[in-house]
1. Go through 143, 128 for me and flag whichever is modelled with pLDDT of 80 or more and either small (Gly, Ala, Ser) or under 26 Å from the mean Cα position of the chain (by Cα) (or both).
2. Between a residue in region 16-37 that is on the phi < 0 side of the Ramachandran plot and any residue that is of a type in the set (Phe, Trp, Tyr), which pairs come within a Cβ distance under 6 Å, given they are 6 or more apart or on different chains?
3. Can you list the helices (runs of 4 or more DSSP H) found entirely within region 25-112 that contain at least 1 residues being more than 23 Å from residue 159 (Cβ to Cβ) and of a type in the set (Val, Ile, Thr)?
4. Output the residues belonging to region 245-286 that are acidic (Asp, Glu), in contact with a helix residue (DSSP H, G or I) (Cβ under 9 Å, 6 or more places away or on another chain) and at pLDDT below 60.
5. Scan region 117-136 and tell me whether some residue there is part of a helix (DSSP H, G or I), farther than 28 Å from residue 192 by Cβ and in contact (Cβ under 8 Å) with a residue 60 or more places away in the chain.
Amino acid sequence: MVSLHIEPAAWVVLAAAVAGYRVGVVRLAGRSIAWPWWRSAAFAAAVVTVFVATTSPLPADAASDPAQGAIAQVLLLMLAPLLLAWAAPHTLALEAGGRVTARRLRAVIESRALRALTYPVAAWLLYAGVLAVIYGTSFYTDAARHEIIGQPLQVLLLALGCLFLWPVFGADPLPRRLHPVPAMGYLLALLPYFTLLGFAIESQGAAKVVAAHGAIQAAANLGSDLEGAGGVLWTVGGLGAICLTIMVLVGWLRTEERATPNRETGLDPAAVAQLTAWREQRAAAAEEEASRRAALAEALASRRSKPAST
């Protein structure tokens, strides 16, 4: 039977997040402001994702099966931050909160620290560097075997994913925004990185872990199972990077389509000139017809008024 590994602290944090988001939506409804339902659905999905990644058997069995721990970490690094970006919790807090809340949030958003952390190069290097430290050293082993390290690591990964993805997908106000073109390069750069990282993890044998922790059978098993974690990062991380890039591309194309009223801009100049002249003729004919109808209505009105005057 599968048992949930539920931490009271995780329950409290998740319950507080749900309650706070719900209060914000209700406050806006009291002001006759409709909060988009799909943002609330995205927040609910984000809470479920965080719950699975932190309190399900995935992180609980990370010590015996690092592949499950890697899946949980990918959820915290990619899926949960993306859903939170769509949920726009900061925007909800700014619109539903008071002046003090808005002032404090704006101070955080406009702070130098957040501006530096959301700089594309810094965010990418931080994202990649933390993963390299986790899997390139004995840190993953220690975090899997000791909850006092594993729980802060989960919070760190979620915050790291938000710092990395919100400048691309976030609806909340941020000091920096990435244009779709560099954003696609920003995300595609993860593909070779996850490939190299997964290959490096898979190439690690049990000997490295045994040398670091002694000849303990559990450590030896963990070292051999790290190959599964490397495969998860290699495949799931790479596919996630590709999916995120496709989402940016599709969103960009839709934005460009909405921003361009005339779809014939790609036609040759002669066709565009002919279409423009045709539209001008239609507009002139419509204006002439409107003038004729106005004159006819005025004439009818004058005829009806003559008997009354006589």
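1. Values: 143 fails: modelled with pLDDT of 80 or more.
It is 128.
2. Within 6 Å, the pairs are 21/43; 25/35; 28/35.
3. Details: elements: 37-55, 57-60, 66-74, 80-87, 89-96, 99-109.
Helices (runs of 4 or more DSSP H) meeting the threshold: 99-109.
4. Listed by number, the list holds a single entry, 264.
5. Initial filter on region 117-136 (part of a helix (DSSP H, G or I)): 117, 120-136.
Add one more test, that the residue is farther than 28 Å from residue 192 by Cβ, and what stays is none.
Among the residues of region 117-136, not one is part of a helix (DSSP H, G or I), farther than 28 Å from residue 192 by Cβ and in contact (Cβ under 8 Å) with a residue 60 or more places away in the chain, which makes the answer no.
The values are calculated or read from the model by the stated rules, or taken from the named source; none is laboratory data. None of these values were measured; they are calculated from a predicted model. FYI the Cβ positions are ideal-geometry reconstructions off the backbone, even for glycines, and counts take in every protein chain you see.
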